[in-house]
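The values are calculated or read from the model by the stated rules, or taken from the named source; none is laboratory data. Everything numeric here is computed off the predicted structure, so don't read it as measured data. Here Cβ is always computed from backbone atoms with ideal geometry, including for glycine, and neighbour counts include all displayed protein chains. All accessible areas refer to the heavy atoms of the entire protein, side chains included, with ligands and DNA or RNA removed. Shrake-Rupley method; radii C 1.70, N 1.55, O 1.52, S 1.80 Å.
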Amino acid sequence: MTPMLHIPKPKIEPVPLAAGLRWRGGGDYHYAEKMDGEFSIEQAAGCIVAGEKMPDGRFFAFNVARAFGEDITRRPFRERLALLDAWTAIGTQSGYPWQPHWRRPASGNGGEFLETVLARGGEGIVASHWAAPWGVMQFKCKRAETFFCRVTGLDHMRGSAELSDAASGQPRGKLPLRGKFDSVRVGSVLKIEAFGLTERGMLREARLDHDTATSWLVSY
């Protein structure tokens, strides 16, 4: 078996929905659907492939770190995607153990593709720069929702706030305040953008609403 590389999870920067809808298709980026799964690695046929594992067992491959025994993390994304296409052609053949659950995310053109994905209830899309090596120059744009949360505690060491739903009081997790720590107090109500809630009711990838300099601070 091919030795497993240390595969860091790609850092995919979030982009506001309004900006993502202005993305143009083609050009320097490849646009693929963002599945709401768990980052996962599969290894077979001398390849190490990154993707998202869904609760029902489906695996949506979006990147490849080793192809036919060679570490290709420093190659541009365009080359890695071509090798992933080749690996897909092998991996989906009848008789391979991962064939029944193997998938590839849909792809399309910029903001138009994002609108299509969101209209059918999808999570969003990821833009990957064709020339980038592994783990950089990737951006995700997903369906954003607005939540009003009350600060129930402040972590001075980490610069974060403990939150609860402003209406129900249900815990909503922690939020890094990123330079805004001194502007809030316990009891403050914040306007927050997040990509929905997790199964435990926590905010998913929460951030302060940033339409204006102070729109996120609703009240003390």
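What to note about this one:
- Global geometry of region 4-50, whether rounded, prolate or oblate, following the gyration tensor of its Cα atoms and the 1.5 cut on a/c: prolate
- Qualifying GluC sites (Glu not before Pro) in region 137-206, where qualification requires a DSSP coil assignment and no more than 11 other C-beta atoms within 10 Å, comprise 199.
- For the chain, the 222 nm mean residue ellipticity estimated from helices alone, with every DSSP H stretch of n ≥ 4 adding -39500 (n - 2.57) and the total spread over all residues, rounds to -4000 deg cm²/dmol.
- Gap separating the Cα centres of region 99-125 and region 1-72, nearest whole Å: 13 Å
- For the chain, a crude dipole built from +1 on the beta carbon of Lys and Arg and -1 on the beta carbon of Asp and Glu, taken about the Cα centre, is about 260 debye to the nearest 20.
- When nucleic acids and ligands are ignored and a 1.4 Å probe is applied, residue 149 ends up with an accessible area of around 0 Å².
- Probe 1.4 Å, accessible area per residue of region 45-176, Å²: 48 Å²
- Computed from point charges on the beta carbon alone (+1 for Lys and Arg, -1 for Asp and Glu), the dipole magnitude for region 1-64 about its Cα centre is near 180 Debye.
- Positive-end ranking of 62, 179, 82 along the dipole of the chain, with charges on Cβ about the Cα centre, is headed by 179.
- Positive-end residue, the chain charge dipole about Cα centroid, Cβ charges, pick of 25, 102, 146: 146
- Portion, in percent, of the accessible area of the chain that falls on carbon or sulfur, probe 1.4 Å: 52 percent
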